[in-house]
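The values are calculated or read from the model by the stated rules, or taken from the named source; none is laboratory data. Not measured: the values here are computed from a predicted model. Reconstructed Cβ throughout: ideal geometry from the backbone, glycine too, with neighbour counts over all protein chains shown.
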């Protein structure tokens, strides 16, 4: 199929070139027969035009494949660049969507972090208050024990003082109520006990 299409095109080009050559040749001969005008068309000019036409057709056939390959490769490279740019665009859009999602979630995350810190602060506050309560109870118990010990110590000192005062009073009372005969009698009894 392609070969037929290619031959058809070659025939069309060759027909076009042949028509062009005949037309130019006709114009050249018509101008050459025209007379003695200063700018008359010379036979040399006709051959120059024919020469140019043949060179143009030959150049077309020679340069057709490389030019076609150049343009097809250029088209291919442009398509590849477009595909690559579209891929980059898609990746950039994905990243943009991710960042927008993260940005939207950032507000929620910051609120959650603040709530967590408040919750931790409340828990720490409760723990500190509980520990302070325990310490206060310990200090209160220690104070009670110290007060009780001080009270017992003061009571013992007071009892000792009362006993001493009572002894002094009893001694005074006994000394005041004992006569010299009673004293002699007590001394004799004491000596009998010590000797025996």
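This table checks each residue for (1) modelled with pLDDT under 90; (2) within 33 Å of the chain's Cα centre (by Cα); (3) not in a helix (DSSP H, G or I).
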position: 105; (1), (2), (3): yes, yes, no
position: 109; (1), (2), (3): yes, yes, no
position: 132; (1), (2), (3): yes, no, no
position: 142; (1), (2), (3): no, no, no
position: 165; (1), (2), (3): yes, no, no
position: 171; (1), (2), (3): yes, no, no
Requested in this report: Please list, ordered by first then second residue, the pairs with beta carbon atoms under 8 Å, 6 or more apart or interchain, first in the stretch 142-155 and touching a residue at least 60 places away in the same chain (Cβ under 8 Å), second surrounded by fewer than 10 Cβ atoms within 10 Å (Cβ to Cβ) and outside any helix (DSSP H, G or I).
Outcome: none
